[in-house]
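Quick note: the coordinates plus some simple rules give every number you see, no bench work behind them. Source: prediction; values computed, not measured. No Cβ is skipped: glycine too gets one built from the backbone with ideal geometry, and neighbour counts run over all protein chains shown.
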Amino acid sequence: MIAGLVLAAGLGRRMGTVKPLIRIDGTPALCRVLATLDASETRPVAVVLGKDAERIRREVDLAGRLVVVNPSPERGMASSLALGLAALPDDAEGVVILHADMPFLQPTTVRAVLHLAAEADIAAPCWQGVRGFPVFFRRNQWDGLRASLHGDAGGRAFIRRHADRLQTVQVEDPGCVRDIDRPDDLTPQKETPCCATSE
């Protein structure tokens, strides 16, 4: 069983609003991300919320999800990632990690990463040479990943140090490197890699 972990506790300062609730074609970004994981049959799925947890709970159906609230999201992404990993069940063989502000990611990309996960310790998709999300970590990597977490860096430093364990798959999905960090990231024509560092 490979679990999913969605990081949705960011403060959204650059966007100026609650990013998981930004509507894409009428649907909150977080709903789209969760639907993508569901379509790839990733189970169970943990969601880490932050300061806007109550509002997100009101607007997004989180029934059946493992919901974790980070009381101090200002400490950075690392704190949310650590809390999310701790919430996953003991029988999870690994986890695919992604962000709530990546609503354009396609289920086919998640499936491609899950296919690599059958043998890889760490796996990720690439679009036009840029590594993206979701990133898979086998359970035997979690202790090292947790020990490397600091501030807002997520798993980037761990992946860099253990590049020999990383397997990548080329995908035709710009959504794997596209987040909605700033208002102009919502423009339909934007397909430049804006999420080029895998966590």
Using θ = phi - 60° and Karplus 6.51 cos²θ - 1.76 cosθ + 1.60, couplings along the stretch 73-90 (whole Hz; Gly, Pro as x): x, 5, 6, x, 4, 4, 5, 5, 5, 5, 5, x, 4, 5, 7, 6, x, 5
Please give the calculated 222 nm ellipticity per residue for the chain, where each DSSP H segment of at least 4 residues contributes -39500 (n - 2.57) and the sum is spread over every residue; nearest 500 deg cm²/dmol? -7500 deg cm²/dmol
Got the relative contact order for the stretch 2-186 handy, in percent, Cα pairs under 8 Å and 6 or more residues apart? 26
Work out from phi, with θ = phi - 60° and the Karplus expression 6.51 cos²θ - 1.76 cosθ + 1.60, the ³J(HN,Hα) of each residue of the stretch 33-41, listed in order in whole Hz, and give x for Gly and Pro. 5, 5, 5, 5, 5, 4, 5, 8, 6
Cβ-defined net charge surrounding A120, 10 Å radius [Lys, Arg +1; Asp, Glu -1]: 0
Which of D121, D152, D61, D101 comes first, and how do the rest follow, when ranked by fewest Cβ neighbours within 10 Å? D61, D152, D121, D101
Between P44, P20, P134, which gets the highest mean-square fluctuation from a Gaussian network model of the chain, Cα cutoff 10 Å? P44
Find out how many positive minus negative residues lie around L66, taking Lys and Arg as positive, Asp and Glu as negative, among other residues whose Cβ is under 15 Å from that of L66. -1
Of (1) 9, 40, 40, 10, 0; (2) 10, 38, 36, 14, 3, 0; (3) 9, 27, 27, 20, 12, 4, 1, 0, which is the value of P(r) over Cα pairs in 10 Å bins from 0, in percent derived from the coordinates here? (1)
